[in-house]
Amino acid sequence: MQLTISPSKLTGTVKSPPSKSMTHRAIFAAALSNGNSVINNVSASDDIETTFNAVKAIGCKLFSLDKTVKVVGIGQKKDFINDEELNICCLESGSTLRFLIPIIAAFGINARIFGKGRLLERPIKPYVDSFRDKGVNITKELDFIHISGKLVPGKFTIDGSLSSQFVTGLLLALPILNGDSEIEIVGNLGSKPYVDMTIDVLKFFGIVINEIRSGYQIFGNQTYKSCNYTVEGDYSQAAFFEVLGCINPVKIKGLKRNSYQGDKIMLNLIESCGANVEWQDNAVVVKPGNRLKAFRASVINTPDLAPAMSVLACMCEGSSKIEGISRLKLKESDRIVSTTSMIKSLGGEIKVFDNYMIVEGVKKLAGGTVDSYNDHRIVMAASIAAAYSKDPVKILNAQSVNKSYPNFFEDYKSLGGVVNGINLE
């Protein structure tokens, strides 16, 4: 599906969608609980639907009504699972895949996991290596990943530079093993705020994780406790509207000011560039300043911000430097390629170096045609760029916003956006 966005003045109020990252974690935690949990403020994007189907595949029951999901947990029992091999499809959701693998291993489930798009190209080597002497064999075939054996507790050494999702997956699974475990992090732990989010969610479900100097200590024989959990607003999605606020005032509701989400740093960044940021209860208002100045920022801990940051950089006077970009290659698209392509297609100036990119500020982007590479964040970034363009912006494969934010264009239009060709089914 392609659509065309005409340049227009966007201003007004939107509500940030529920945090996709925290929803994934809450659903898995609820699935591992004894009893019934209620998860409030859930948006059923493609990725979240994938997690729903994954936990149902291992015996969990879900009942959804509007934005509330009731989860009937499976606890720590395996007697409901037969001995046949399970087939589970994780579509394009890296979170679902990497959170599910250790849980399957903890239960000793024999499974084949399928995917779509680039999912099976994304690394799982930290699990393959660290599970080899823990009773579990993981093999990666052309069309699926095969998992067999039952995970035993112990010390798990994880390369933290690839993704924090491997740590989160272990933090979900290790507490239900019959002994204590330790996660030793080697290298720098990229996206550590996502691990902090995991630990925060686990507290609600009665699980205790100790952070130690080398990584994390996890006591075994813990029991997940069912609870009523409300998902907070998503800072990674709000970042696109925060960038819009640098042009015309935008109020974003539903964000938790003291959130563990690392992507909240976008507010600090745009404020340092010269925009005005003001909190009003659970809403933040972003307004233009006199002028925007270039910035230097790292996306090591917040890789999802890179596309939005690149558009912000186009609006700033001077040369902006976005560092720590190496892991962008491993996202839904190679986001070094897709982000660079987007900026250049719209008449911007961007250069890529070893582990950083330089973006030059321009008075206006020209507009043009953007290949989204089927990446939801490129679609949203290009839509924001359209508000800073002279001519319309055409976006290819715009349906990929359904992966994380199905209502994005409805919210975009509510601010005054002019969008033609919408049919995102």
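Using a/c under 1.5 as the rounded threshold, could you call the range 1-149 rounded, prolate or oblate? The axes a ≥ b ≥ c are square roots of the C-alpha gyration tensor eigenvalues, and prolate needs a/b larger than b/c, oblate otherwise.
Since a/c reaches 1.5 but b/c is at least a/b, the shape of the range 1-149 is classed as oblate.
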Report summary line: Under the Karplus relation with 6.51, -1.76 and 1.60 and θ = phi - 60°, whole-Hz ³J(HN,Hα) for the range 348-359, x at Gly and Pro, equal x, 10, 9, 10, 10, 10, 3, 9, 7, 10, 10, 10
Query raised in the report: Taking the convex hull of the alpha carbon atoms in the chain, what volume per residue do you get, in Å³?
Result: 127
Query raised in the report: Does anyone have the angle between helix 192-204 and the longest principal axis of the chain? Alpha-carbon axes, 0 to 90°, nearest 10?
Result: 50
Report task. Would you list the P(r) distribution for the range 71-196, with all Cα-Cα distances sorted into 10 Å bins from 0 and each bin expressed as a whole %? Result -> 13, 46, 36, 6, 0
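Would you mind telling me the antiparallel percentage of the DSSP bridges in the range 235-326, rounded to 5? Show your work: numbers first, answer last.
Values: 9 of 13 bridges.
Rounded to the nearest five, the antiparallel share is 70 percent.
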Query raised in the report: Between ILE103, GLY361, SER164, whose Cα lies farthest towards the positive end of the dipole of the chain when Lys and Arg beta carbons carry +1 and Asp and Glu beta carbons carry -1, centred on the Cα centre?
Result: GLY361
Report task. With both partners inside the chain, how many of the DSSP beta bridges are antiparallel, as a percent to the nearest 5? Result -> 65
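Out of the DSSP beta bridges found with both residues in the range 263-415, what percent are antiparallel (nearest 5)?
So the antiparallel bridges amount to about 60 percent of the total.
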Requested in this report: Within 10 Å, count the other beta carbons around each residue, average over each peptide in 392-399, 409-416, and list them highest first.
Outcome: 392-399, 409-416
Report summary line: the range 311-423: Kirkwood hydrodynamic radius (Cα pairs, Å) comes out at 14.3
Query raised in the report: Just the projected area, averaged over all directions, of the convex hull on the alpha carbon atoms of the range 336-381: how many nm²?
Result: 3.3
Query raised in the report: How high is the relative contact order of the range 1-83, in percent, counting Cα pairs under 8 Å that sit 6 or more residues apart?
Result: 33
Query raised in the report: With each run of n ≥ 4 DSSP H residues scored as -39500 (n - 2.57), what mean residue ellipticity at 222 nm is computed for the chain after dividing by its residue count and rounding to the nearest 500 deg cm²/dmol?
Result: -9000 deg cm²/dmol
Query raised in the report: Mind listing the phi-derived Karplus ³J(HN,Hα) values for the range 90-102, rounded to whole Hz, using 6.51, -1.76 and 1.60 with θ = phi - 60°, and x for any glycine or proline?
Result: 9, 6, 10, 8, x, 4, 4, 4, 6, 7, 6, 4, x
Query raised in the report: Using a basic spin-label model with each label point 7 Å from the Cα along Cα→Cβ, how many nm lie between MET1 and GLU84?
Result: 3.5
Report task. For a quick protection proxy, order the peptides 242-255, 33-46 by their average other-Cβ count within 10 Å, most packed first. Result -> 242-255, 33-46
**Report entry** Relative contact order computed over the chain (Cα-Cα under 8 Å; 6+ residues apart), in percent
**Finding:** 19
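Go through 5-13, 61-69 and give me the packing order, highest mean Cβ count within 10 Å leading.
5-13, 61-69
Read-outs throughout are calculated quantities, based only on the coordinates presented, and are distinct from any laboratory measurement. Bear in mind that the values here come from a model prediction, so they are computed numbers and not experimental data. Cβ: placed from backbone, ideal geometry, glycine included. Neighbour counts: every protein chain shown.
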